[in-house]
Amino acid sequence: MAEAVESPGDPETTTSRPLMRDLKAVGKKFMHVLYPRKSNTLLRDWDLWGPLILCVTLALMLQRGSVDSEKDGGPQFAEVFVIVWFGAVTITLNSKLLGGNISFFQSLCVLGYCILPLTMAMLVCRLVLLAEPGPINFMVRLFVVIIMFAWSIVASTAFLADSQPPNRKALAVYPVFLFYFVISWMILTFTPQ
């Protein structure tokens with residue numbers, strides 16, 4: 001019997017190859033954030049798929065569980081989405097105004113991918129919140145959020161620090177610190193209904 005041979009124009013293979021290529025690229029960038037080291041790979045091959053996935057995931061996890069979500073006092077999906085993207089755009093513009101040699105989308109890519117540790121912190125905090133609330137519960141969440149906050153800062157500065165003039169690195173890193181601090185604060189103060 002003759003084996004079936006894939007033709008180059010087969011619609012199933014032509015749509016799955018770019019998708020798998022993109023998923024592998026996103027996975028490699030996640031690994032660069034999980035093990036931060038000075039590398040230009042994240043800057044050179046930028047994309048916004050990973051940041052979009054992380055932002056949507058974080059916004060969905062921060063969503064409250066009540067049906068009437070207008071009265072629960074927590075952040076809505078659109079609020080989290082806007083805070084993340086507006087913050088990343090603001091930091092990118094600040095970087096460019098300080099004389100950074102990184103493109104607009106490269107910076108958005110790095111800042112978005114470096115939300116990965118905070119998204120993992122939100123997942124851990126959601127699991128911890130399944131237990132009975134109390135001071136131990138809060139201390140565990142505080143510890144996890146602080147560690148992941150520091151991880152986000154270290155990962156983002158490993159990629160972005162070299163793109164700034166030496167005498168302006170602190171001015172470029174401070175807004176990054178504030179950006180991840182606001183996201184960390186939203187994660188820490190999250191309580192389910």
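A few points about this structure:
- The peptide list 18-24, 145-151, put in order of mean Cβ contacts within 10 Å with the highest first, becomes 145-151, 18-24.
- Rounded to 0.05, the FRET efficiency of the Arg37 and Leu60 pair, given R0 = 22 Å and the Cβ-Cβ distance, is 0.15.
- Note on Phe104 and Leu19: the extension gain reaches 28.1 nm, defined as 0.36 nm multiplied by sequence separation minus the Cα-Cα distance.
- Extension gain, Thr191 back to Phe138 (0.36 nm per residue minus Cα-Cα distance, nm): 18.0 nm
- Gyration tensor verdict on the range 151-193 (Cα atoms; rounded if a/c is under 1.5, prolate if a/b is larger than b/c, oblate otherwise): prolate
- Where labels lie 7 Å past Cα in the beta-carbon direction, separation of Leu52 and Thr90 in nm: 2.4 nm
- The modelled label-to-label distance for the pair Arg168/Ala131, using points 7 Å beyond Cα in the direction of Cβ, is 4.7 nm.
- Length gained when the stretch Leu123-Glu79 is fully extended (0.36 nm per residue, less Cα-Cα span): 13.9 nm
Rule-based calculations on the coordinates, nothing more; no lab input. What you see is a predicted model, and the numbers here were worked out from it, not measured in a lab. Reconstructed Cβ throughout: ideal geometry from the backbone, glycine too, with neighbour counts over all protein chains shown.
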